[in-house]
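See below for the structure under consideration.
The values are calculated or read from the model by the stated rules, or taken from the named source; none is laboratory data. Since this is a predicted model, take the numbers as computed values, not measurements. Heads up, the Cβs are rebuilt from the backbone with ideal geometry, glycines too, and the neighbour counts pull from every protein chain shown. Heavy atoms of the whole protein, side chains included, go into the accessibility calculation; ligands, DNA and RNA do not. Shrake-Rupley method; radii C 1.70, N 1.55, O 1.52, S 1.80 Å.
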Amino acid sequence: MDQIRAFFEGLKGKKVALIGFGVSHRELTKLLAKKGAQVYLCDKKERSAFSDDLSEYERLGVHLQFGEHYADNIAEMDMVFRTPGLPMTSPVLKRAAEAGVHITSEMEEFLRLCPCDTIGITGSDGKTTTTTVIKELLTAAGRKVWFGGNMGIALLYQIEQVQPTDVAVMELSSFQLISMDVSPRIGVVTNLSPNHLDVHKDLAEYYGAKKNLIAHGDEHSIAVLNRDNIVYEQFRPAVPGTLRLFSRRERVENGAYCDEKGDLILMRDGRPTVVMNKKEIRIPGEHNVENYLAAFAAVDGLVSPDIMRQVAKGFGGVEHRIEFVRELDGVRYYNDSIATSPTRMISALKAFHEPVVLIACGVNKNLDLSPVLPYLYEHCRVVVRMGDIGEKLTAAVAADSSEKKTALTFIDAEKMDDAVEKARQAARPGEVVVLSPGGTSFDHYTQYSVRGRHFKTLVNDLK
């Protein structure tokens, strides 16, 4: 706790800029001002773009800098907190770096100062569910859990309340990890596949950012890696401490795996403990078997197998991740709005044994859609298509030589209300309608969660 006090003492009188008026900076800005720092809250958007009452910030002496000239004095700062959405290559941060300004982030400083065990989770798919499952497991075991990171919950402003006996559980994105030189004590990489290539300059940069989750640990740290994932061999040499593996396909000697009978087995020093059978997991899909294996491997030693089984049998899943909405006229509707990439769409399709009426929409992230095609042919009878993804999925099918594509029917829709109605008309009793877009939401919505909630509202309003 002395380290935390020293951190805030060291900021007294210093010029500290927070770039980006987002969730992670709202409360932190106030705290830093109260601790005696000269705080500059900076955002490229105009002040009128925010509905927040900014008078409290002004009463605390915070300098509000919005609009075109939001970062004109960035080189005068002693410290800059960047928002995850601002890349390190941005001209603003380059100017700060050239002036010798210390550039950091809310998450980096929390990890540096946190007095309790920290567990960080990243991956291309599955990280939110795995993070939430780990939180549920630790809570059920009686631990006080601080939960945040990419989940939209800031943690640094609460650092003085964190006790050494607590546990902090964080989902971390590539945008947060790319500049990090500190790792959590336990780092979990669910899986990696091409993603966010509309933002990262190439795949190497994307994977390199993810590797920071485990690369800066020590001999006491634990890395949990997916033995079945293509980047396992690439990441393994970066592990500085203990390596735990999880696998849905083969036995591991330290970690967790699923055997040929479907039993989920914990392995510690080669000694097996059967936790449960995968059929007992409440949320559907083989990808969720992997998520539980990752979570079990991460908390082994902190949570008993009995509690692991209890949570897996009762936990209903995370919103927007193959989330059951309702059943109407013998058709079940699912919201998987988080599926902003082809791999997520594939995971959703594989989760169902029933014929799928798929709603595909959104903006492609410069990703190859051809891997989706075999799963479309196998699982889908109808695809309701919209926008950029709809066009590119159609083009991919047209270019494909598979004979199976003839059984697939495409239906065009303009907006989500139109798509839901057309999906309802197309679906037969015993089938499922699944919103698993395959692209980002930014053509019609501010974020995937807004899209998912709109879909749920429309489905629940069906008569």
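Mind listing just one residue for me: the one in the stretch 364-401 that is open to solvent by 50 Å² or more (accessible area, probe 1.4 Å) and among the aliphatic types (A, V, I, L, M) and, of those, nearest to I322 (Cα to Cα)?
Filtering first and then ranking leaves A395.
Tell me which residues, restricted to the stretch 130-179, are basic (K, R) and either on the phi > 0 side of the Ramachandran plot or part of a helix (DSSP H, G or I) (or both). Before the answer, list the steps.
Let us first name the residues in the stretch 130-179 that are basic (K, R), namely 135, 143-144.
Within the stretch 130-179, just K135 meets the criteria.
Residues that are closer than 28 Å to S449 by Cβ and of a type in the set (D, E): does the stretch 249-265 have at least one? Full working, then the answer.
Just the residues of the stretch 249-265 that are closer than 28 Å to S449 by Cβ, to begin with: none.
No; the residues of the stretch 249-265 include none that is closer than 28 Å to S449 by Cβ and of a type in the set (D, E).
Where residues in the stretch 315-337 are of a type in the set (K, R) and outside any loop (DSSP other than H, G, I, E, B), which of them is most open to solvent (accessible area, probe 1.4 Å)?
Among residues in the stretch 315-337 that are of a type in the set (K, R) and outside any loop (DSSP other than H, G, I, E, B), the one most open to solvent (accessible area, probe 1.4 Å) is R332.
Got a sec? Which of F66, F81 is closer than 25 Å to S174 by Cα and either at pLDDT 95 or above or of a type in the set (V, I, T) (or both)?
The unique qualifying residue is F81.
Can you tell me which of V450, V433 is touching a residue at least 40 places away in the same chain (Cβ under 8 Å), of a type in the set (V, I, T) and either out of contact with any strand residue (DSSP E or B) (no Cβ under 6 Å at 6 or more places or on another chain) or surrounded by 15 or more Cβ atoms within 10 Å (Cβ to Cβ) (or both)?
When all the criteria are applied, what remains is V433.
Filter the stretch 232-252 for residues that are hydrophobic (A, V, I, L, M, F, W, C) and free of Cβ contacts under 8 Å to residues at least 40 places away in the same chain; which is farthest from V299 (Cα to Cα)?
Taking the candidates together, the pick is A238.
Of all residues in the stretch 385-433, which are touching a helix residue (DSSP H, G or I) at 6+ places or on another chain (Cβ under 8 Å), over 18 Å from T340 (Cβ atoms) and in a strand (DSSP E or B)?
Of everything in the stretch 385-433, those that are touching a helix residue (DSSP H, G or I) at 6+ places or on another chain (Cβ under 8 Å), over 18 Å from T340 (Cβ atoms) and in a strand (DSSP E or B) turn out to be T409, F410, I411, D412, V433.
Having 2 or more residues that are at pLDDT below 95 is the bar; report the strands (runs of 3 or more DSSP E) wholly within the stretch 194-282 that clear it.
Hits in the stretch 194-282: none.
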